[in-house]
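Asker: Take this structure, written in structure tokens, and hold onto it; I'll ask about it next.
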Amino acid sequence: MQIASNFLVPNGTFIVVLIAFILVVTVISKYVLPFLNEKLTERQEQIRGELEAADKAKADAEEADVERRAALEQARTQARDIVAQAQATADAIVGNATAEGQAVHDRIVASAEAEVIVARQAAVEEVTARVGEIVLAAAERVVGREINASDHQDLIDEAIAAVRTESAGAAAGAGGAR
């Protein structure tokens, strides 16, 4: 006769499998799970430490960036100050050189004008003396006899004085016309 087996009724195999399952679960929970939990906790702590280090590195990088920007702005400000100072110095040097050049120019012009006046006076005196000699020579020929130059020196001196006054008046007129 055949006995109908009911799958709801446990048989011997089921009990052996159940006992083996409970043993495996007990061994796993007692030995494997604590080891795995320990390793997972270590890994979690390692990751947490790395994240904290990354956050700290990020904060340090931001702080360094702020410092770098501040140093760059300070360098730019110093560069602007240096350029402004150099420009002011260059302007002062140009101003001084211009003033000095103008002073030298005025001194040279004044010296040249004085030399021109002296040269003009010397030329007038030379021309006057030559004219006096020519007049005496012409008068000598006209009169036919030699005129003593020392006797007529007063006449020559008066002529020279008249030419000097005339040339001084012409020089003053020429100097005022500038």
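Every number in this text was worked out from the coordinates using simple rules, so none of it is lab data. Note that the structure is predicted; figures quoted are calculated from it, not measured. Note that each Cβ is placed from the backbone with ideal geometry, even for glycine, and that neighbours are counted across all protein chains shown.
Asker: Nearest 20 debye, what's the magnitude of the dipole of region 1-117 about its Cα centre given +1 on Lys and Arg Cβ and -1 on Asp and Glu Cβ?
Answerer: On the way: 11 positive and 18 negative charges, 271 e Å.
That gives region 1-117 a dipole magnitude of about 1300 debye.
Asker: Grab the other residues whose beta carbon is less than 12 angstrom from that of A54, score K and R as +1, D and E as -1, and report the net.
Answerer: Computed value for this residue: -1.
Asker: Using a 7 Å offset from the Cα along the Cα-to-Cβ direction at both L33 and E133, what is the distance between the two label points in nm, to one decimal?
Answerer: Taking the two extended label points, one gets 14.6 nm.
Asker: Here is a further query. Please give me the summed charge of the neighbours of F35: other residues whose Cβ is under 15 Å from its Cβ, Lys and Arg +1, Asp and Glu -1.
Answerer: Charge balance in the 15 Å sphere: +1.
Asker: Determine which aspartates and glutamates satisfy two conditions relative to K30: a Cα distance under 14 Å, and not lying fewer than 8 residues away in the same chain.
Answerer: Counting by Cα, and skipping residues close in sequence, K30 has these aspartates and glutamates nearby: E38.
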